[in-house]
Amino acid sequence: MFDRITNDVLCDKVIIDDQLAAYEAVGFLIDKGFKKIALITTVDYVSVGKLRTEGYVNVLNDHDIPVNNGMIIKIEDIDDCASKIEKLLREEKPDAIFAVNELFAVTTIKLANKMGLKVPEDISVIGFTDGIISQFSTPSITTVSQNGIKMGGRAAKMLIERLEMDEEDEQYKTEVIETHLVERESTLSL
């Protein structure tokens, strides 16, 4: 199992430290001078959404920035995504957004442009995943790279090792792959 995992399934796992990755991404925005940082996330029953939210809250607390629940939107249904993000931009007026996935980051940029906001001049955006969309969108998106190729390769290797075992081993392994921030055009310093 890799990326979105559950502790209810006993198996080998390849994961990232979602909480630390979010902490570092939002910390990057704070270091650039941003204070009104919004979070666009999934509902808490999705493990990555919960962990990335914890990282966001922890880094704000560590920098004495009050956590404003109005700046945290949790999207359960993709059909509500655009309206929730537009409401956030209009009512809370964040100076930066941390989106927990690529879709939320791209949607934020599209809606910001539609509302007359320039990215990154008026609002900076960080996404998560570092897929092809982040690389080729306009502006290109600063993102947390999950090292997907390494993660997939390690998951495949663990599966092959498990299949080639002579005896069934109930000791399951969890491997944590490091993330890193890829800085692109969607962020700038204040």
Exercise for the section: Six or more apart or on different chains, Cβ under 7 Å: which pairs go from a residue in region 139-157 that's at negative phi to one that's surrounded by 18 or more Cβ atoms within 10 Å (Cβ to Cβ) and in a helix (DSSP H, G or I)? Could you list them? Expected result: Ser140/Ser134; Ile141/Ala105; Ile141/Ser134; Thr143/Ser134; Val144/Ala21; Val144/Ala25
Problem - Answer from Glu175, Glu170 - the residue that is more than 15 Å from the chain's Cα centre (by Cα) and either in a loop (DSSP other than H, G, I, E, B) or aliphatic (A, V, I, L, M) (or both) - result: Glu170
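Looking only at region 63-86, which residues are assigned to a helix (DSSP H, G or I) and surrounded by fewer than 14 Cβ atoms within 10 Å (Cβ to Cβ)? If you could, list the steps in order and put the result at the bottom.
Residues of region 63-86 that are assigned to a helix (DSSP H, G or I), as a first pass: 69-71, 78-86.
Asn69, Gly70, Ile78, Asp79, Asp80, Ser83 - these are the residues of region 63-86 that are assigned to a helix (DSSP H, G or I) and surrounded by fewer than 14 Cβ atoms within 10 Å (Cβ to Cβ).
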Exercise for the section: Please verify whether region 100-123 includes one or more residues that are part of a helix (DSSP H, G or I), buried (at least 18 other Cβ atoms within 10 Å of the Cβ) and among the aromatic types (Phe, Trp, Tyr). Expected result: yes
Problem - Selection status of Leu39, touching a residue at least 40 places away in the same chain (Cβ under 8 Å), in a strand (DSSP E or B) and crowded, with 21+ Cβ neighbours inside 10 Å - result: yes
Fill in the blank from the handout: The correct count of residues that are touching a strand residue (DSSP E or B) at 6+ places or on another chain (Cβ under 9 Å), over 15 Å from Asp17 (Cα atoms) and small (Gly, Ala, Ser) in region 33-61 is 1
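Results for (1) of a type in the set (Gly, Ala, Ser); (2) out of contact with any Gly (no Cβ under 6 Å at 6 or more places or on another chain), shown as yes or no for each residue.
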{"residue": "Asn68", "(1), (2)": "no, yes"}
{"residue": "Ile72", "(1), (2)": "no, yes"}
{"residue": "Ile78", "(1), (2)": "no, yes"}
{"residue": "Ser83", "(1), (2)": "yes, yes"}
{"residue": "Glu86", "(1), (2)": "no, yes"}
{"residue": "Glu92", "(1), (2)": "no, no"}
{"residue": "Asn101", "(1), (2)": "no, yes"}
{"residue": "Phe104", "(1), (2)": "no, yes"}
{"residue": "Ile109", "(1), (2)": "no, yes"}
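Can Leu60 be described as buried (at least 21 other Cβ atoms within 10 Å of the Cβ) and free of Cβ contacts under 8 Å to residues at least 40 places away in the same chain? Lay out the reasoning, then the answer.
Working: buried (at least 21 other Cβ atoms within 10 Å of the Cβ): yes; free of Cβ contacts under 8 Å to residues at least 40 places away in the same chain: yes.
Against the criterion (buried (at least 21 other Cβ atoms within 10 Å of the Cβ) and free of Cβ contacts under 8 Å to residues at least 40 places away in the same chain), Leu60 qualifies.
Taken together, the values in this text are just the output of simple stated rules run on the coordinates, not laboratory data. Everything numeric here is computed off the predicted structure, so don't read it as measured data. Using ideal geometry, Cβ is built from the backbone for each residue, glycine included, and neighbour counts are taken over all protein chains shown.
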